[in-house]
Amino acid sequence: MVSSETIQAIQARFPSAEITEFRKQFRVCVPREIVHDVLRFLKDECGFTLIIDITCVDYLYYPKAKDRFGVVYIVGRPENADRLIVKTFVNDPEPTLPTVTDLWEGARWLEREVWDMFGIRFEGHANLRRILLPEDFQDHPLRKDYPLQGRGERHNIPVVTRDMG
Amino acid sequence: MTRMTDLPDNVVITKLDALVNWCRKNSLWPMPFATACCGIELMATGASRHDIARFGAEVFRFSPRQCDLMIVAGRVVMKMMPVLQRIWLQMHEPKWCISMGACASTGGVFDTYAVVQGIDRFIPVDMYVPGCPPRPEQLLQAIIDLQEKIQREGSAWGKDVERRPHQPPRALLADPKNPRLLVAGPPIFAQDEAANKWDTGKRGESPDS
Ligand code: SF4
């Protein structure tokens, strides 16, 4: 569990951060303008040297949601297995965030996955291209307005017949 | 002229085709294309308890060039389909394909944007095995049925291959109004007339000769 000193340090440094607790897990919600500063502070001054995951939630059709995409960073402190969740929100059109690959090299593939599935652009990422889906895929399929059965991508494959050898 | 009754007891007369088919069917070399949970059941079929060797199909090869039976076990996503087709095209004739499990045959419960709704839309399939996953006995039954099919069809010199109707390969496209429906697309090699012709001649002859 993250110590209360750390939480207080974050709150003192970033007064606009909303820190909530649920079952001894802390979540820090910050505006998108300062998310990079918060993560840099956590890495350089609080010892969170590990990026565990970057992921995203699409709040389209979600009752009472103010913003469309919530981007979630999970950072870890290896000395005592602390985990902290940092969350920020971005909106259409062109949801964009600054990259955190300058803090953690390991964020490269995580950001590429979020770009692939949700279409969140990470400014400053050296190689932001699709990681899971084929290069020529057009959509971002984990967005809620993308149909579950797709837009025909699974059918647009050439057919191999018996007489082709 | 020798009469049948004059032949010694240890001589059997048969058609060459039947003999060749009998050899083929008892020496299938499977290519395990196992992409998901069905692959585990495929491995169980190869293991000692169910013992696929009883049907002459125990030599699993991971090179398509050494195989003549492709067993597709598991769901295939649309990014994997060109890989599967390429492996299939690398196998030599005569070759057969078993679609193992609900996913390979129909997409199964995975009716999503990425999962191909049945591999038979894009490559030829000889046998379908139902189940999720099918028991090893079911796969063995499919191999037995396939052996029967091999015995019935096929010929020593590939006449059956020549008799196959030539259809120019076509793309299937999603209906723009309802992506769940399919419509036939244009021939795949439409821009390249020469490429479309390569298979119209008789086997063994080049189109120009
Ligand atoms: S049919 Fe069932 S067991 Fe086989 S790949 Fe699909 S989900 Fe897995």
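The values are calculated or read from the model by the stated rules, or taken from the named source; none is laboratory data. Just so we're clear, the structure is a prediction, and the values are computed from it rather than from any experiment. Every residue, glycine among them, receives a Cβ derived from its backbone with ideal geometry; neighbour counts consider all protein chains shown. Heavy atoms of the whole protein, side chains included, go into the accessibility calculation; ligands, DNA and RNA do not. Shrake-Rupley method; radii C 1.70, N 1.55, O 1.52, S 1.80 Å.
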Check your understanding: Since residue B:129 meets every condition but one in (1) touching a strand residue (DSSP E or B) at 6+ places or on another chain (Cβ under 7 Å); (2) over 22 Å from residue B:86 (Cβ atoms); (3) in contact (Cβ under 8 Å) with a residue 40 or more places away in the chain, which condition does it not meet?
Key -> (3)
Practice item. Please go through region A:60-79 and pick out each residue that is over 16 Å from residue A:29 (Cβ atoms) and loosely packed, with under 14 Cβ neighbours inside 10 Å. Key: A:60, A:61, A:63, A:78, A:79
Check your understanding: Residue check: is residue B:43 on the phi < 0 side of the Ramachandran plot and buried (at least 18 other Cβ atoms within 10 Å of the Cβ)?
Key -> no
Revision key, fill the gap. Turns out the strands (runs of 3 or more DSSP E) fully within region B:38-134 with at least 1 residues that are within 13 Å of chain A (Cβ to nearest Cβ) are B:69-73, B:96-100
Revision key, fill the gap. Taking region B:52-78 and keeping only residues that are of a type in the set (Val, Ile, Thr), more than 15 Å from the chain's Cα centre (by Cα) and within 16 Å of the ligand (Cβ to nearest atom), one is left with B:76, B:77
Check your understanding: Among the residues of region B:79-103, which ones are open to solvent by 10 Å² or more (accessible area, probe 1.4 Å) and within 16 Å of the ligand (Cβ to nearest atom)?
Key -> B:80, B:102, B:103
Review point. Pairs under 7 Å by beta carbon, first residue in contact (Cβ under 8 Å) with a residue 24 or more places away in the chain in region B:27-47, partner more than 13 Å from the ligand (Cβ to nearest atom) and among the basic types (Lys, Arg), six or more apart or different chains?
Key: B:29/B:61; B:31/B:61
Review point. In the set B:65, B:54, B:49, B:61, which member is among the charged types (D, E, K, R), touching a Phe, Trp or Tyr at 6+ places or on another chain (Cβ under 8 Å) and in the same structural domain as residue B:89 (by TED's automatic domain parsing)?
Key: B:61
